[in-house]
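Engineer: The structure under discussion is supplied below as structure tokens; questions concerning it will follow.
The values are calculated or read from the model by the stated rules, or taken from the named source; none is laboratory data. Predicted model only: the values in this text are computed from it and were never measured. When we count neighbours, we look across all protein chains shown, and the Cβ atoms used for this are built from the backbone with ideal geometry, even at glycine. The area values use the complete protein model at the heavy-atom level, side chains included, leaving out ligands, DNA and RNA. Shrake-Rupley method; radii C 1.70, N 1.55, O 1.52, S 1.80 Å.
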Amino acid sequence: MDQRRSPSASERKRDPERTRALLLEAAAAEFGAKGYAATRTTDIAARAGVNKQLISYYFGGKEGLYKEIATSWHSSAAEMASTSEPLADVIAGFVHTTLTDHGRLWAWSNLAGDSPPTDEAFLRAQVDQMRERQAAGELPADLDPGFLLLALMAAASAPLTLRHTAGQITGEDPATPEFATKYAEQLTLLVRHLSGRT
């Protein structure tokens, strides 16, 4: 199939929701494996099994596709971080995201610094939620909510961002669901101690 031609009307109408979903899934995997700059739209399209031109048609190009993935992740993460859940449970949930394409995509964007900015509004909202937790007495009043959020995010992502070190410290494989579960349990205990809810 010629990758340079525009998709035909029948291709666009075939199943747009399925095509969009395939592209989003393929893009998350490619961005997670290679980072934003090194990911090529031809690789995303090949992984999704669709014409490359559909990326421009549905998302306006690579950057639009990346931003769509980030926006969907922010919605899921905001739900997971709801103040109706204890902070310890929220952090444990984030540990498990390190095993996903979204976790790797987030790590790449931080390490390479080459992806489009997408996180500021989401992160500011998360700092506001930490303030709400503080006001409700879930967190000590002398902690800065922004720095605490940063420390907890770093801790939750350690199995991904410090994979080699984590393996050496524990003697276990940080890329496994079993490790994530054990690490999340320990991080949960730590956050409960911080909250005074042991």
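Engineer: Rounded to the nearest 500, what is the chain's calculated 222 nm mean residue ellipticity when only DSSP H runs of at least 4 contribute -39500 (n - 2.57) each, over all residues? Spell out each step's value before the answer.
Structural biologist: On the way: 12 runs with 141 residues, N = 198.
Mean residue ellipticity at 222 nm (helix-derived): -22000 deg cm²/dmol.
Engineer: Let me ask another. Select from region 116-198 those GluC sites (Glu not before Pro) which occupy a DSSP coil region and have at most 15 other Cβ atoms within 10 Å, ordered by residue number. Walk me through the numbers before you get to the answer.
Structural biologist: On the way: sites: GLU120, GLU132, GLU138, GLU172, GLU178, GLU185; in loops: GLU138, GLU172.
Loop-located and lightly packed - GLU172.
Engineer: Hey, could you pull the Cα Rg and Dmax for the chain, both in Å?
Structural biologist: 19.3, 62
Engineer: Still on this structure: Between rounded, prolate and oblate, where does region 81-198 land on the alpha carbon gyration tensor, with a ≥ b ≥ c its root eigenvalues, rounded for a/c under 1.5, else prolate if a/b exceeds b/c?
Structural biologist: Details: a/c = 2.12, a/b = 1.21, b/c = 1.75.
In terms of gyration-tensor shape, oblate.
Engineer: Sticking with this one: Find the lysine pairs in the chain meeting two conditions, Cα atoms under 25 Å apart and a separation of 8 or more places or different chains, and report how many there are.
Structural biologist: Numbers: LYS13/LYS52; LYS13/LYS62; LYS13/LYS67; LYS34/LYS52; LYS34/LYS62; LYS34/LYS67; LYS52/LYS62; LYS52/LYS67.
Taking the Cα cut-off of 25 Å, the pair count is 8.
Engineer: Still on this structure: Per residue, how large is the accessible surface of the chain? Use a 1.4 angstrom probe and give square angstrom.
Structural biologist: Working: 10870 Å² over 198 residues.
It amounts to 55 Å² per residue over the chain.
Engineer: Nothing charged except the Cβ atoms of Lys and Arg (+1) and of Asp and Glu (-1): what's the magnitude of the dipole of the chain about its Cα centre? Round to the nearest 20 debye.
Structural biologist: Magnitude of the dipole: close to 780 debye.
Engineer: Taking all protein chains in place and a 1.4 Å probe, what share, in percent, of the accessible surface of region 88-128 do carbon and sulfur account for?
Structural biologist: Numbers: 1200 of 2060 Å².
Carbon and sulfur atoms account for 58 percent of the accessible area of region 88-128.
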